[in-house]
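In what follows, a structure is listed as structure tokens, so that the remarks can point back to it.
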Protein chains: 2
Amino acid sequence: MRIGELSARTGASRRSLRYYEQQGLPVSARSPRGQRCYGDDHVQRVALIQIFLAAGVSSRNLARMVPCMTEPNMDRARQALTVMNQERTRLSFTIDSLAAAREALDHLIDVNRTFLASVEDDVPSDR
Amino acid sequence: MRIGELSARTGASRRSLRYYEQQGLPVSARSPRGQRCYGDDHVQRVALIQIFLAAGVSSRNLARMVPCMTEPNMDRARQALTVMNQERTRLSFTIDSLAAAREALDHLIDVNRTFLASVEDDVPSDR
DNA sequence: CTAAACGCTCACATCAATGTCAAGGGCAAG
DNA sequence: CTTGCCCTTGACATTGATGTGAGCGTTTAG
């Protein structure tokens with residue numbers, strides 16, 4: 001399939017797909033007269049890329065991980081493993097931070113709700 | 001205290017503190033001849049801002065939440081509550097996404113590790 | 001064959017938070 | 001008063017993923 005279809009199937013814009021490729025993500029298989037040509041397997045690979053990009057993995061690091069997903073290779077595998085572990089640590093840290101933020105938010109929401117309730121009850125309580 | 005000290009206490013750069021204020025975050029209390037002047041309570045408020053900014057809350061939305069933390073007010077409280085709930089939803093969604101990404105990553109790590117182990121065992125198994 | 005629809009590259013724009021630099025004002029100690 | 005440090009505003013730079021548009025080739029349907 002060509003880029004338009006892959007874009008439709010993955011939800012990634014054509015622009016993004018070209019960008020991924022430009023960043024070294026092996027999402028391409030250039031063909032006939034310069035047009036990008038993809039197979040069904042690329043759909044899943046792009047999905048994975050989207051997941052990790054959304055998770056804050058830089059395309060730079062992703063480029064060191066993705067090749068490994070497709071074509072195992074001793075040298076790269078070791079490097080990839082290192083990056084993956086780093087990213088895992090970063091991810092865990094981020095998740096914890098977000099959870100903490102959510103707790104703080106819950107507290108604020110609670111305070112706010114209580115405040116609003118007290119104000120609204122003021123009139124009734126005046127009866 | 002002035003901006004330098006607040007910066008030192010919170011870890012936020014002077015630039016950031018001015019930026020927060022510019023974005024409508026009530027992190028200021030302009031004084032004598034134009035210099036920003038803060039109280040101890042500002043330290044905690046900035047800390048909260050940092051937490052939420054790091055959690056991906058836009059300064060725009062933060063501006064609708066923060067005033068409420070400091071000075072309860074019916075009108076703003078309702079608006080803030082709406083924003084807070086939206087942000088909470090977004091946060092939860094993000095956390096789930098990151099957790100999913102981490103699982104995907106764990107899988108990749110496992111595959112990679114297995115691959116490496118198999119390759120390394122190849123020589124010993126050849127004996 | 002022609003037009004529509006799609007693809008290619010290049011380049012500039014965007015957003016958000018922050019860095020950085022410039023030109024100047026405020027204030028304390030010598 | 002001067003030196004030094006902190007402050008002010010304003011403007012331009014950066015980073016990363018993506019949008020957008022121009023100018024030009026390709027493929028496909030009529």
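Here is how the numbers come out for the structure above:
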quantity	calculated
Of residues in the range B:9-43 being of a type in the set (A, V, I, L, M) and away from DNA strand C (no atom under 13 Å from the Cβ), the one nearest to B:Leu62 (Cα to Cα)	B:Val43
In the range A:48-71, the residues that are near DNA strand D (Cβ under 10 Å from one of its atoms) and either part of a loop (DSSP other than H, G, I, E, B) or not polar (S, T, N, Q) (or both)	A:Ile49, A:Phe52, A:Leu53, A:Ala54, A:Gly56, A:Val57, A:Ser58, A:Arg60, A:Leu62, A:Ala63
Residue in the range A:19-35 that is farthest from DNA strand D (Cβ to nearest atom), counting only those that are in contact with a Leu (Cβ under 9 Å, 6 or more places away or on another chain) and open to solvent by less than 50 Å² (accessible area, probe 1.4 Å)	A:Ser28
Single residue of B:Thr89, B:Thr94 found to be hydroxyl-bearing (Ser, Thr, Tyr), closer than 29 Å to A:Phe93 by Cβ and away from DNA strand C (no atom under 15 Å from the Cβ)	B:Thr89
Selection count where residues are assigned to a loop (DSSP other than H, G, I, E, B) and touching a helix residue (DSSP H, G or I) at 6+ places or on another chain (Cβ under 7 Å), scope the range B:10-47	10
Pick from the range A:1-18, criterion near DNA strand D (Cβ under 7 Å from one of its atoms) and free of Cβ contacts under 8 Å to residues at least 24 places away in the same chain, ranking: nearest to the other protein chains (Cβ to nearest Cβ)	A:Ser16
Residue that is open to solvent by less than 60 Å² (accessible area, probe 1.4 Å) and either more than 7 Å from every other protein chain (Cβ to nearest Cβ) or modelled with pLDDT under 95 (or both), where the choices are A:Phe115, A:Phe93	A:Phe115
Residues of the range A:39-57 that turn out to be surrounded by 13 or more Cβ atoms within 10 Å (Cβ to Cβ) and either of a type in the set (Gly, Ala, Ser) or more than 10 Å from the chain's Cα centre (by Cα) (or both), as a count	8
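The values are calculated or read from the model by the stated rules, or taken from the named source; none is laboratory data. The shown structure was predicted, so the numbers you read here are calculated from the model rather than taken from an experiment. Cβ sites come from the backbone with ideal geometry, for glycine too, and all protein chains shown count toward neighbours. Side chains included, ligands, DNA and RNA excluded: accessible areas come from the protein's heavy atoms. Shrake-Rupley method; radii C 1.70, N 1.55, O 1.52, S 1.80 Å.
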